[in-house]
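These notes are about the structure you will find just below.
The values are calculated or read from the model by the stated rules, or taken from the named source; none is laboratory data. It should be emphasised that the depicted structure is a prediction, and the values quoted were computed from it without experimental measurement. Cβ sites come from the backbone with ideal geometry, for glycine too, and all protein chains shown count toward neighbours. For accessibility, only protein heavy atoms count, side chains too; no ligands or nucleic acids. Shrake-Rupley method; radii C 1.70, N 1.55, O 1.52, S 1.80 Å.
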Amino acid sequence: MSNSTAKNKKKYVEKASPAIILSIISAGIIPLIMRTFTYDSKLSDYDWFPSDGTVVDIFLAYKSFAIITVGILMAIVLIYRAYDHQKLPMNRLFYVLFAYGALVLISGLASKWKGFAFGGSYEMFESVVVVLCYIMFAFYTYTTVDNGATIRTFLKWSGIFILILMLIGVFQGFGADLFATKFGKMLFATPSFWSNLDNLIIRMPKGTSYSTLYNPNYFSLYLGLVLPVAVAAFFALKKKAARILSAAVIVCSVILLITDISITGVMCLVISGIVTLLVVLSKNKKPFAIACTVLAVVIVPGIIMSVAVPSIHSRVSTMLNARPTPLTTGSVRYMETNDDNVTLDFKDGSKCAIVFSFDENGQLNVTATGDDGTEYGCTWDGTAVQIQKNDGSSIAAIVPKATADNQPYVGIQVDGREFWFIQTEEGYRYITGSGKIVELDNNIKSAGVFPEDFFSNRGIIWNRTLPLLPKHIILGSGQNTFIMEYPQDNYIMKDLLIESETTSIDVKPHNLFLQQWVENGMVAMILYLVVVIGYLAQAAGEIRKHDIKDPLTIISIGVFAGILAHTVAGVANDSNVCTSPVMWTLLGLGFAVNALLKKQEAE
């Protein structure tokens, strides 16, 4: 009798589904992929892009290729299951997610830039197909995770790859960048680059943690996702090796938050942690009431002090805003190129019209006039013509220059920056950082809602993105097409902001929700939020119902906190092929854990 019972028990031992390997690849391996990829950006004809449109990508293209490959494999597995008459579980929020995917597809098909929407664009390889694969990641993971063993396998193996990625970042934070070494370059460079590795440079300041995620800001999204899950895994998993792995990921995350000094990462984790704690405590009225009271006592006075106390207000402003630049501290508001002069428009309301020319001997001649007709003094100091008001205050310096074929032009130095102008048959024109001659356009719409330097200069981008929203209520411009919708010809403002407008081609709005609205439409953005918020609401409901000590509940708490942190971080970051595969896979895992908790409750 006892032998029979033992055999029956052995028969029902949980086994992890082998199909979970695809979810492990999507969450763990894809973010690690790096490979040089040379392509034509198709942007060389635009004035704001260099004439040579050839670009070398290292971090994004092959990740997108891997995403599409894994997405196709997942679709094949799901089709096989359906063919094999396996009933796939369904959560009604996935119908909303599929509708979101349909709008992404339709926006891409209706886009003026279908090539970018379906093939990817400069520094953005998150095409329509990639987004559809994200949805596949979520649905596939949801339908594959059907027991605790599968969850443990997923956490263990994806955790190993996450730790590798983080260790690379930790060493970078301490100045030991693997990808600055010859061996590291050979790891990601195709053989065609091996003979020229010294010129293959990833331009990051020493001590910057970027790992294989391309942008240090993406660590905010990444840490927001993986740190809560790692903490949950540490308490939920019983095996010693699993706990050591989770602890290592937690330690690396903390080091990265400190060395990278990611304000966004810290803020999203703090907000997520507070909300998650309130959800857990809401199971009992008294602890919940105490927690709310403590938060009110701490937060409300903190907000009042940050506004009313000058020293605190200054410190908060310093944290939220970028370092001072001529864009906010300088005297120039914008510049105009006219038929007969270059006009500097100053913030105090005054103007200065500058006329320059070169005689047959190459001598520079300059005259400058105020808007009231006053002529300003123009004095040659041996290197430049200094323009001064009658009181002796300096307005600008005009520096003579010449192109490689000896065509003369000038550099107008003001507010610590230099702007290049040339006289043509059509009038005075601006020379862009990529060497193209253009007429300045000052009719660029700006909402003026945010200070230009708000949130590390995101204010300037948000102000110029908001006017784009009304025309994208139903459909967006298409995935990867923000670069085409945004006014890239905002040359003077970019130069005042970062010293070189050629290094600032705005490929994204630095806001997940603005990105969704512009590229896929307001309706699609709302559907996306319905899915994410719907998941969070479902997860919160299940967490409140179940024992906090239950491993499944602990995992649910970790995934809930991760998805919430990612959503909060989305206020200052965009969707991208480096971190989004992790988010969508965890979203599918979260839905699966919710389903298992419901099943557990029913049993």
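Of everything in region 190-223 that is among the aliphatic types (A, V, I, L, M) and surrounded by 14 or more Cβ atoms within 10 Å (Cβ to Cβ), the residue that is nearest to Val251 (Cα to Cα) is Leu223. Filter region 414-438 down to the residues that are of a type in the set (Asp, Glu) and in contact (Cβ under 8 Å) with a residue 12 or more places away in the chain, then identify the one that is farthest from Asp47 (Cα to Cα). Selected residue: Asp415. Can you say whether Leu536 is within 23 Å of the chain's Cα centre (by Cα) and open to solvent by 10 Å² or more (accessible area, probe 1.4 Å), as far as the supplied structure shows? It is true that Leu536 is within 23 Å of the chain's Cα centre (by Cα) and open to solvent by 10 Å² or more (accessible area, probe 1.4 Å). Here Met90, Met74 are screened, and the one residue that is over 30 Å from Tyr491 (Cα atoms), in contact with a Ser or Thr (Cβ under 9 Å, 6 or more places away or on another chain) and buried (at least 22 other Cβ atoms within 10 Å of the Cβ) is Met74. Scanning region 49-71 finds no residues that are in a loop (DSSP other than H, G, I, E, B), open to solvent by 20 Å² or more (accessible area, probe 1.4 Å), modelled with pLDDT under 95 and at positive phi.
Yes/no matrix, rows are residues, columns are (1) open to solvent by less than 50 Å² (accessible area, probe 1.4 Å); (2) at negative phi; (3) touching a residue at least 40 places away in the same chain (Cβ under 8 Å); (4) assigned to a loop (DSSP other than H, G, I, E, B):
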position: Ala353; (1), (2), (3), (4): yes, yes, no, no
position: Thr367; (1), (2), (3), (4): no, yes, no, no
position: Tyr376; (1), (2), (3), (4): yes, yes, no, no
position: Ile412; (1), (2), (3), (4): yes, yes, yes, no
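Please work out if Ser158 is among the polar types (S, T, N, Q), in contact (Cβ under 8 Å) with a residue 40 or more places away in the chain and in contact with an Asp or Glu (Cβ under 9 Å, 6 or more places away or on another chain). Against the criterion (among the polar types (S, T, N, Q), in contact (Cβ under 8 Å) with a residue 40 or more places away in the chain and in contact with an Asp or Glu (Cβ under 9 Å, 6 or more places away or on another chain)), Ser158 does not qualify. Return yes or no: is Ile505 outside any helix (DSSP H, G or I), modelled with pLDDT under 95 and more than 19 Å from the chain's Cα centre (by Cα)? No. Considering only residues in region 307-364 that are at pLDDT below 80 and in contact with a Phe, Trp or Tyr (Cβ under 9 Å, 6 or more places away or on another chain), the one that is farthest from Lys401 (Cα to Cα) turns out to be Leu320. Looking only at residues of region 116-143 that are assigned to a helix (DSSP H, G or I) and open to solvent by 20 Å² or more (accessible area, probe 1.4 Å), we find that the one that is modelled with the lowest pLDDT is Gly119. If the condition is being assigned to a strand (DSSP E or B) and either without any contact (Cβ under 8 Å) to a residue 24 or more places away in the chain or over 20 Å from Ile460 (Cα atoms) (or both), then region 317-344 contributes Arg333, Thr337, Val342, Thr343, Leu344.
Condition check ((1) out of contact with any helix residue (DSSP H, G or I) (no Cβ under 7 Å at 6 or more places or on another chain); (2) closer than 21 Å to Trp462 by Cβ; (3) crowded, with 20+ Cβ neighbours inside 10 Å) across all residues:
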| position | (1), (2), (3) |
| --- | --- |
| Val507 | no, yes, no |
| Leu512 | yes, yes, yes |
| Lys545 | no, no, no |
| Ile555 | no, no, yes |
| Ser575 | no, yes, yes |
| Cys578 | no, no, yes |
| Leu589 | no, no, yes |
| Val593 | no, no, yes |
| Lys599 | yes, no, no |
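For region 244-255, the condition holds for at least one residue, the condition being that it is among the polar types (S, T, N, Q), in contact with a helix residue (DSSP H, G or I) (Cβ under 6 Å, 6 or more places away or on another chain) and farther than 18 Å from Phe174 by Cα. Kindly evaluate Leu187 against the criterion of being of a type in the set (A, V, I, L, M) and crowded, with 16+ Cβ neighbours inside 10 Å. So Leu187 does not fit the description; no.
Here Met34 fulfils each of the conditions (1) in contact with a strand residue (DSSP E or B) (Cβ under 6 Å, 6 or more places away or on another chain); (2) open to solvent by less than 70 Å² (accessible area, probe 1.4 Å); (3) within 21 Å of Leu187 (Cβ to Cβ) apart from (1). Could you go through region 466-479 and let me know if any residue there is under 17 Å from the mean Cα position of the chain (by Cα), within 26 Å of Leu587 (Cα to Cα) and assigned to a helix (DSSP H, G or I). No - not one qualifying residue is present in region 466-479. If you check Leu496 against the conditions, is it open to solvent by 10 Å² or more (accessible area, probe 1.4 Å), touching a Leu at 6+ places or on another chain (Cβ under 7 Å) and touching a residue at least 60 places away in the same chain (Cβ under 8 Å)? So Leu496 fails the test. For region 414-446, the tally of residues that are aliphatic (A, V, I, L, M), surrounded by 16 or more Cβ atoms within 10 Å (Cβ to Cβ) and outside any loop (DSSP other than H, G, I, E, B) stands at 4. For region 397-408, indicate whether the set of residues that are outside any strand (DSSP E or B) and in contact (Cβ under 8 Å) with a residue 12 or more places away in the chain is non-empty. Yes, region 397-408 contains a residue that is outside any strand (DSSP E or B) and in contact (Cβ under 8 Å) with a residue 12 or more places away in the chain.
I'd like to check something: does region 75-86 contain any residue that is part of a helix (DSSP H, G or I), touching a residue at least 12 places away in the same chain (Cβ under 8 Å) and within 29 Å of the chain's Cα centre (by Cα)? Yes, region 75-86 contains at least one residue that is part of a helix (DSSP H, G or I), touching a residue at least 12 places away in the same chain (Cβ under 8 Å) and within 29 Å of the chain's Cα centre (by Cα).
Any residue at all in region 389-402 that is in contact with a helix residue (DSSP H, G or I) (Cβ under 7 Å, 6 or more places away or on another chain) and either at pLDDT below 95 or surrounded by fewer than 17 Cβ atoms within 10 Å (Cβ to Cβ) (or both)? For region 389-402, residues in contact with a helix residue (DSSP H, G or I) (Cβ under 7 Å, 6 or more places away or on another chain) and either at pLDDT below 95 or surrounded by fewer than 17 Cβ atoms within 10 Å (Cβ to Cβ) (or both): absent. Remark: Lys206 falls outside the filter, which requires a residue to be in contact (Cβ under 8 Å) with a residue 12 or more places away in the chain, assigned to a helix (DSSP H, G or I) and out of contact with any strand residue (DSSP E or B) (no Cβ under 9 Å at 6 or more places or on another chain). Thr153 meets each of the listed conditions (1) open to solvent by less than 10 Å² (accessible area, probe 1.4 Å); (2) closer than 16 Å to Val559 by Cβ apart from (1). Per the listing Val251, Val226, the residue uniquely at pLDDT 95 or above, farther than 18 Å from Leu32 by Cβ and in a helix (DSSP H, G or I) is Val251.
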